[in-house]
Each structure stands twice: as C-alpha cells, then as structure tokens.
There are 2 protein chains.
Amino acid sequence: MRPFPHGELASFLSRGVDDIVSRDEVNQILKSTKPVIVKYGIDPTTAQLHLGYWVIFRRLKKLQALGHTVVVVLGTFTGRFGDPTGKTKARTLREKREVEGVARSLSIMVKKILAPSRTKITQNARWLDAMSLDTFFHLLSHFTVGQMRERDLFQKREHAGKEVYLYEFLYPILQAYDSVAINADLTIVGSDQLFNELQARKLQHSLGRKAQGIITLKLLPGTDGKEKMSQSLGNAINVFDSAEEQFGALMSIPDAAVPIYAELLSDFELAPLVRASAKGGIAARDAKMRVAETVVAEIHGTHDAARAKERFVGRFRKHEVTSHPSAKMGAHTIVDVLVEIKMASSKNEARRLLKQRGVKINGNIITDERHAVSHQDVIAVGKRRTVKVIRKTG
Amino acid sequence: MRPFPHGELASFLSRGVDDIVSRDEVNQILKSTKPVIVKYGIDPTTAQLHLGYWVIFRRLKKLQALGHTVVVVLGTFTGRFGDPTGKTKARTLREKREVEGVARSLSIMVKKILAPSRTKITQNARWLDAMSLDTFFHLLSHFTVGQMRERDLFQKREHAGKEVYLYEFLYPILQAYDSVAINADLTIVGSDQLFNELQARKLQHSLGRKAQGIITLKLLPGTDGKEKMSQSLGNAINVFDSAEEQFGALMSIPDAAVPIYAELLSDFELAPLVRASAKGGIAARDAKMRVAETVVAEIHGTHDAARAKERFVGRFRKHEVTSHPSAKMGAHTIVDVLVEIKMASSKNEARRLLKQRGVKINGNIITDERHAVSHQDVIAVGKRRTVKVIRKTG
C-alpha cells in the first residue's frame, strides 16, 4: 500500500475536478497508506460504458494501483426507477429482469477495465430489495422535504412547471444508502451527482458512521461538443468500440471540445492544446489527433492507437485529394441536409439511414440526428454516393 | 341486508358532515343492499378513545345495523412514525413494541363498541411491514411532489418556516394503501383526514380498483370548546369514562359548544338548542343537560345516564345553596387562579394537583391546565377546602 506520490496528488485533486468535499478529509485519505473503499455507482440503463465513464475509471485505476479497493455498485434496484439526474421529465419504470440483464453485461465490462484483485462488484438490489419499509422510513426521518427540494434539478423542473414524482424525489436517499451499505470512504462521480453524494455524507453522519469524501469531476461533453456524453443522445464514444471507431469519433468532436477532452482523458499539459484549438485549422487538427491517439492508446494500447491513426490519416488524405461532386446546403442538421441535397427522400428515411450507421461525414459514421453539418463536409450515404456540401451564402 | 331507510339517509349524509366524495358514489353505496366494507383507521397514539372517535363509531354502528362490515385498521406501522395531521412540528418516532401495546388496548375497546359479527380489526403493520421497497416505490410512482405539497398542513408548516420530514411527507401514501389492502368501499373520517383519504382514492384508481367513497365529519371540539378534542391537549372526554365523569365533563363545556356537540353526538333537532345556547343562563344549562344525558345514555344506557344526571343535579343544587368562603380572582386559567387564591403554593404544585385529579370545579374533576375559571365557580382542592371565586371587576 503506497501513499499517493506527492508530486501527482495535487494534479489528481485539481485536473478535471469540479468539487471536493471535504478537501481536508480527501487529502488525508489519499496521503495515508491505509487502504480505503472507493465507491463507484453505475446505473444499469444501457449495456454500454462510454468515455464519460472512462473519465472516472482511469482515476479509479490510479487509486487501485496505490492499493485501494474499488467497490462498483450496479444500481439494480435504483435502475428500475431511474436516476432523475439531468432528466427534464420523469422516466418510465423498468423491469427488474431487464435491469439485471444490463447489470450482467456491465459487470463483465467492468472486470475488463479494473484490476480484478482490487475490485468488488455488487448490486444495490442486494440491500434495497431486502430493506424493510420500517428501516426505510427510519432513513427518511433524517431528511426534510426542504432539503430535497434544494436540489437544482427539482427546482428546474418546478420552475418549468414539470412534475417531480415521489420515486424520483427519494432517489438521492437510495443512492446515499449505497455508501452506508458498502462502507464507502470516498467516491468519485460526475459533478451532476454532487447532491446525491452529499446526502450519503449526511446519512452516514446521522447513522454514526464516518462520512465519505467526495471528488466530483467536470462532465465530458459528447461528440457534439455540447450535451453531456450520453447513450440516449447519440453522442457517445464507447470504451469497447474499436480503436479505429474511437479514433474517428474523437476526430469528429468540435475543436472547442479538445481541451475538456484532454483535461478529463489525458495527462497532457493543457495550455498548448487550448491555444491550438482556439487557432483552428491544421494546428487544431493536430492537437485533436494527439489527444485522440493518447485516449485510444490508453484504452487499446499504443500499437492499436498508432494503426487507427494511420488509417484515419490515410482516409482523410484520400478525402482531401478526391474531388467530390458538390451540393449547396441551406439547412444545418444532418437530417435536414440529407433531404435537402436529395440523399434521402424524407426526414424519416434520413433518420433510418443514421440509425443504420449508413451515413458518414468526412469518413466518420454519424448517428446523431442533430449533428451540425459544416461547410465543405464530405457526406457519404452507404455506397450510393459521396457529396461535398457547400454552405449557401447570404 | 337492508338498504338505508329512506327517511334517515338524507340526515346521515348531512348531519355533522363536512364533505362527501363523491356524493353520487356514496349515495349509491348506501342505497343498495349490497354489503360494503367501511374502513375506519385509528392511530395507536394513546390507549384511549374519546368522544371524537365516538362521533365516528356511532355512525359506523348505524352502518353495521344495516348489514355492512366495518374494518378497523389500527396503525401499528404508521403509528411508529406518526400521523402529522394537525401537528405543527415533527413527532418523534416510537417503538414498534410500544405501538403494538397501545393497539392491543384499543382492540379490546373497539370490540366493546362495535358489533362483533360485523367488525374486523386489523393492523396496517400486517401489510406495511411485509411490503418490499420495490412495491413501495411503485406506489410512489403514482404521486408527484407537487400533489403532496398541496396539502394544507404542509403548506402551513412551509409558510411558518417549519420543516416537514420525508417520513411525514409520505404518510398519506401509507394511509392510502390501507384502503387498497382491505378493499375499502367507504370510509368515514374527521375532516382533517380528507387529503389522506383522497390519496387512497387516487391509489385505488391507479391500481385499477374501485375508489372508495369518503364521508368527512366536522371535528368535535374538546371541553375547552376551542381546540379539537385530543388526549394530548387534556380536553378529552373518554368513551370508557364513567357515566358520572362524562356527565360532569359534558356539563363543563362552554354554552357555545353545545350545538356542535349535539350535531355530532345526538339526533336532536338543532335549532332550539342553538337558540337556547345563545340565550345562556338556565336555558343554556338545560339544553346542555339534555345533550349530556343523551350522549351518556347512548354510551352507558338510559339508567346510568339518568343516575349520573341526578347526582350532578344534586351536587349542583348543593353548591348553589351551600355558602362557601369566597376569594377574588384576577387570573383566568385554573393554574393561575389556584396560585392567586393560595390553594397552591406554586404553578408547579397547581399542575401536580390537576394531574392527580385533585381539583374540582363545581363538583367536576378538572385536569386541563388551561381550563378557564368563571365568576362564581366553586373550586375544591382535595378535601382541604372549598372556595367560591368572584371575578374582580374593573
């Protein structure tokens, strides 16, 4: 069991970090040589782990390398009701069976990512299905309606005149109890989970336990560079995608997103990347390529990353030298553009093509219906034809 | 199984009634000859049933006489957390054992009051202790935070800057589920229970059941004539008090409270009583005596009621003719008066005397610390001495 290397600790506690609660406690935990239990909760919504999860995993791997234990809590109880975090409307309930199936897939993936000897995978249905209503009501006696309503998300819904269902309202208590059940000393989560994890601290405290430390990280945007990376928004790059797919997808992110990708997914010095991204053009493309190669290398190894890069560059060069018929576009999003330039007969067909992964822009498969098409993009639909789009001016 | 006698139905659905939901449904239920299940929930807070419960019981007895079944639900689960209804601050949680002890006593009392063949006594711990958290969260999915917050009580607390705990916030859902568990067709409750019972209708509807009808009755004030009758306020007259105690206590209510007592606890024509109470003096006293005798007769039989009345009148006459030393008083409540006229050495002693049932006013034992003493009341403390108090004028 090694203490955190002194030179790296400051970086670990600042790079990509949004908040630390409490900084003193977390500092103490990471400076000591006592092994700690680090909670990482995953909601079994889709059987995919995208790079948003990888942001956390790569930090958990670091802690494991120092001798700490990671307990991955798969939300097989909470997943039935759904984490309302970030959701502007209530989710429909899901079947126990379905959630458990997803959890099985996730469990296999997690085992491939984390160090087996220092990983424990568990499911919160283990304690929540076994919990009596009496115990639950005793937990509830530690929380007030006012405290729950303070949650950003609930206030946003309230102001928008949208309902918050009671099962959503109580979700933070369930997530909080996970930390009690596994005796968590520390948790690392996306910044949108801060409220829930603070409730865990409160509950641990109320039950006479030591409260967990919390590190929240900034959220990774999806390939659109705007929304949080998410399977359901179609802007995700998955951890288990091939090196080539990942490389292409990483090269499709907007230049402006390169610094946050680098901050969360690499150890590069950030300032030069920020400058290059701001500059645009070749400089930005090279910076993006360095980040893409590094991220892919961390997941698939340097060999695969180098090959993915080579292939991408080859394709890219080909696109640059090939002259394509061009079409003028007034529309902005890929669905509208496909119809406008007559590569799809209707919006519905355009959506189907995207879903079937039949649409490429500059050689990268695009699935996001809201993908914004840029001037001089090369759009290919299946093997039918390839067109370079030119934005109408005026 | 008899339908409700036509001439009586209108009275049953108006006398003492605050609200009926829905009037059509309840009308249908009571007009038919099909036996229905009438829910009556009792929170096992204190092992006493006062006349506030009797208001309901006497209506339940009427329904039983027609052939309907009454299911009394003792809140052995909910009682641990406490019905927040009417409470301006959160209650402390109570032990399962304690609540079950109280429920046992209540069960014995209920069996003495209701017709055994048409009464089922059950406890909501039976289904709520057995309920999984999963089932509970599915129930919660039918309710929104906004719907719960509509509750008067919660709004009052919120406006007063007082906390509502989550276990209180969810109380209506638990009470609602009782109706599902026992398949209630109808419930009769105090008007302060309307919100909770409306949630039962909503839940029954959501679960594809027939929604129960609700009859809410006006609340019976305590002997102070102000607050709702309640054990904890010390203004209660218990169903199992002796005929004499009840008679005396009923004679101690303010004249202004006679009409509501008569409305809820007798079948007297109300208009003459209202007039007599407003008139005051002998007319009011006679009206009060008629009501007292009727109420006691309904509980203890006409014989005991007549004897209780006789004794009361005897004592009353004696007080009228006996000349007592008099003392002047400026204070209003019994505690202050006892100290003022030196029948107690301190307020604490005065409170102790009241608690020990050692203080009588006009022959009736007074236990309420806030009992207002009137001009010419005869106060006796133990066997020590008896004093007639005269209000200081000016």
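What pairs come out if I take residues in the stretch B:19-34 that are in a loop (DSSP other than H, G, I, E, B) and pair them with residues that are open to solvent by 30 Å² or more (accessible area, probe 1.4 Å) whose C-beta lies under 6 Å away, six or more apart or interchain?
B:T33/B:M1; B:T33/B:P3
Sort out which residues of the stretch A:272-285 are open to solvent by 50 Å² or more (accessible area, probe 1.4 Å) and either under 24 Å from the mean Cα position of the chain (by Cα) or hydrophobic (A, V, I, L, M, F, W, C) (or both), and write them in order of number. It would help to see each step written out before you state the result.
First, pick out the residues of the stretch A:272-285 that are open to solvent by 50 Å² or more (accessible area, probe 1.4 Å): A:272, A:274-275, A:278-279, A:281-282, A:285.
Scanning the stretch A:272-285 gives A:V274, A:A278, A:I282, A:R285.
On the basis of being among the small types (G, A, S) and under 23 Å from B:Q199 (Cα atoms), does B:S32 make the cut? Let's see the steps before the verdict.
On the way: among the small types (G, A, S): yes; under 23 Å from B:Q199 (Cα atoms): no.
No; evaluated as a whole, the condition is false for this residue.
Quick check: is even one residue across the stretch B:290-309 open to solvent by 10 Å² or more (accessible area, probe 1.4 Å), in contact with a Ser or Thr (Cβ under 9 Å, 6 or more places away or on another chain), among the small types (G, A, S) and not in a loop (DSSP other than H, G, I, E, B)?
Taking the stretch B:290-309 and keeping what is open to solvent by 10 Å² or more (accessible area, probe 1.4 Å), we get B:290, B:293-294, B:297-304, B:306-307, B:309.
Then keep just the ones that are in contact with a Ser or Thr (Cβ under 9 Å, 6 or more places away or on another chain); that gives B:290, B:293-294, B:298, B:300, B:304.
Next, only the ones that are among the small types (G, A, S) stay: none.
No, the stretch B:290-309 contains no residue that is open to solvent by 10 Å² or more (accessible area, probe 1.4 Å), in contact with a Ser or Thr (Cβ under 9 Å, 6 or more places away or on another chain), among the small types (G, A, S) and not in a loop (DSSP other than H, G, I, E, B).
Restricting to the stretch A:183-203, what's the tally of residues that are within 14 Å of another protein chain (Cβ to nearest Cβ) and open to solvent by less than 20 Å² (accessible area, probe 1.4 Å)? Step through it out loud before you land on a result.
Going residue by residue through the stretch A:183-203, those that are within 14 Å of another protein chain (Cβ to nearest Cβ) are A:199, A:202-203.
Still in the running and open to solvent by less than 20 Å² (accessible area, probe 1.4 Å): A:199, A:203.
Of the residues in the stretch A:183-203, 2 are within 14 Å of another protein chain (Cβ to nearest Cβ) and open to solvent by less than 20 Å² (accessible area, probe 1.4 Å).
Checking A:T135 against (1) open to solvent by 30 Å² or more (accessible area, probe 1.4 Å); (2) among the polar types (S, T, N, Q); (3) touching a strand residue (DSSP E or B) at 6+ places or on another chain (Cβ under 8 Å), which single condition isn't satisfied?
(3)
Of everything in the stretch A:310-319, what is open to solvent by 40 Å² or more (accessible area, probe 1.4 Å) and of a type in the set (F, W, Y)? Give them in sequence order.
Across the stretch A:310-319, the qualifying residue is only A:F316.
Tell me which residues, restricted to the stretch B:106-116, are modelled with pLDDT of 95 or more and either open to solvent by 80 Å² or more (accessible area, probe 1.4 Å) or polar (S, T, N, Q) (or both).
Within the stretch B:106-116, B:S107, B:I108, B:K111, B:K112 meet the criteria.
Going by the conditions given, is B:H142 without any contact (Cβ under 8 Å) to a residue 12 or more places away in the chain and either under 13 Å from B:T85 (Cα atoms) or in the same structural domain as B:G79 (by TED's automatic domain parsing) (or both)?
Details: without any contact (Cβ under 8 Å) to a residue 12 or more places away in the chain: no; either under 13 Å from B:T85 (Cα atoms) or in the same structural domain as B:G79 (by TED's automatic domain parsing) (or both): yes.
Answer is no for this residue.
Checking B:N183 against (1) of a type in the set (S, T, N, Q); (2) touching a Gly at 6+ places or on another chain (Cβ under 9 Å); (3) on the phi > 0 side of the Ramachandran plot, which test does it fail?
The single condition B:N183 does not satisfy is (2).
Picking from A:K342, A:K328, which residue would you name as being of a type outside the set (G, A, S), assigned by TED's automatic domain parsing to the domain that holds A:S374, at pLDDT below 90 and outside any loop (DSSP other than H, G, I, E, B)?
Working: A:K342 fails: outside any loop (DSSP other than H, G, I, E, B).
Result: A:K328 is the single residue among A:K342, A:K328 that is of a type outside the set (G, A, S), assigned by TED's automatic domain parsing to the domain that holds A:S374, at pLDDT below 90 and outside any loop (DSSP other than H, G, I, E, B).
Does B:L264 count as in contact with a strand residue (DSSP E or B) (Cβ under 8 Å, 6 or more places away or on another chain) and not in a helix (DSSP H, G or I)? Spell out the reasoning first.
On the way: in contact with a strand residue (DSSP E or B) (Cβ under 8 Å, 6 or more places away or on another chain): yes; not in a helix (DSSP H, G or I): no.
Spelling it out, it is not the case that B:L264 is in contact with a strand residue (DSSP E or B) (Cβ under 8 Å, 6 or more places away or on another chain) and not in a helix (DSSP H, G or I).
Quick one: in the stretch B:43-91, which of the residues that are outside any loop (DSSP other than H, G, I, E, B) and among the hydroxyl-bearing types (S, T, Y) is surrounded by the most Cβ atoms within 10 Å (Cβ to Cβ)?
Applying the first criterion (outside any loop (DSSP other than H, G, I, E, B)) to the stretch B:43-91 yields B:50-65, B:69-74, B:78-81.
Okay, now just the ones that are also among the hydroxyl-bearing types (S, T, Y), so B:53, B:69, B:78.
On the way: B:Y53: 23, B:T69: 17, B:T78: 25.
Filtering the stretch B:43-91 for residues that are outside any loop (DSSP other than H, G, I, E, B) and among the hydroxyl-bearing types (S, T, Y), the one surrounded by the most Cβ atoms within 10 Å (Cβ to Cβ) comes out as B:T78.
Going by the conditions given, is B:G67 within 21 Å of B:D185 (Cβ to Cβ), away from chain A (no Cβ under 12 Å) and in contact (Cβ under 8 Å) with a residue 60 or more places away in the chain? Working first, answer last.
Values: within 21 Å of B:D185 (Cβ to Cβ): yes; away from chain A (no Cβ under 12 Å): yes; in contact (Cβ under 8 Å) with a residue 60 or more places away in the chain: yes.
Yes, satisfied.
Pairs only if they're at least six apart or on different chains, beta carbon under 9 angstrom, first in the stretch B:111-122 and more than 16 Å from B:H300 (Cα to Cα), second modelled with pLDDT of 95 or more and basic (K, R); list them, first residue then second.
Listed pairs, sorted by first residue: B:T119/B:K111; B:I121/B:K111.
Filter the stretch A:159-182 down to the residues that are free of Cβ contacts under 8 Å to residues at least 24 places away in the same chain and at the interface with chain B (Cβ under 8 Å from one of its Cβ atoms) and list them by number.
If we filter the stretch A:159-182 for residues that are free of Cβ contacts under 8 Å to residues at least 24 places away in the same chain, which is where we start, we get A:159, A:161, A:166, A:169.
A:L166, A:F169 - these are the residues of the stretch A:159-182 that are free of Cβ contacts under 8 Å to residues at least 24 places away in the same chain and at the interface with chain B (Cβ under 8 Å from one of its Cβ atoms).
Checking the conditions here, which among A:A130, A:A125 is more than 21 Å from the chain's Cα centre (by Cα), crowded, with 19+ Cβ neighbours inside 10 Å, at the interface with chain B (Cβ under 9 Å from one of its Cβ atoms) and under 20 Å from B:L128 (Cα atoms)?
So the residue among A:A130, A:A125 that is more than 21 Å from the chain's Cα centre (by Cα), crowded, with 19+ Cβ neighbours inside 10 Å, at the interface with chain B (Cβ under 9 Å from one of its Cβ atoms) and under 20 Å from B:L128 (Cα atoms) is A:A125.
Of everything in the stretch B:143-158, what is more than 8 Å from chain A (Cβ to nearest Cβ) and buried (at least 17 other Cβ atoms within 10 Å of the Cβ)? Give them in sequence order.
B:Q147, B:R151, B:L153, B:R157
Evaluate the stretch A:362-378: report whether one residue or more is more than 20 Å from A:N235 (Cα to Cα), open to solvent by 50 Å² or more (accessible area, probe 1.4 Å) and out of contact with any Cys (no Cβ under 7 Å at 6 or more places or on another chain). Even if it seems obvious, please write down each step before you answer.
Within the stretch A:362-378, the subset more than 20 Å from A:N235 (Cα to Cα) is A:375-376.
When the remaining residues are screened for being open to solvent by 50 Å² or more (accessible area, probe 1.4 Å), the result is A:375-376.
Retained after the next criterion (residues that are out of contact with any Cys (no Cβ under 7 Å at 6 or more places or on another chain)): A:375-376.
Checked the stretch A:362-378: at least one residue is more than 20 Å from A:N235 (Cα to Cα), open to solvent by 50 Å² or more (accessible area, probe 1.4 Å) and out of contact with any Cys (no Cβ under 7 Å at 6 or more places or on another chain).
State yes or no: is B:I253 among the β-branched types (V, I, T), under 20 Å from B:I361 (Cβ atoms) and touching a Ser or Thr at 6+ places or on another chain (Cβ under 9 Å)?
On the way: among the β-branched types (V, I, T): yes; under 20 Å from B:I361 (Cβ atoms): yes; touching a Ser or Thr at 6+ places or on another chain (Cβ under 9 Å): yes.
In short, yes.
The values are calculated or read from the model by the stated rules, or taken from the named source; none is laboratory data. Source: prediction; values computed, not measured. All Cβ positions, glycine included, derive from the backbone under ideal geometry; neighbour counts span all protein chains shown. Accessible surface areas use protein heavy atoms only, side chains included; no ligands, DNA or RNA. Shrake-Rupley method; radii C 1.70, N 1.55, O 1.52, S 1.80 Å.
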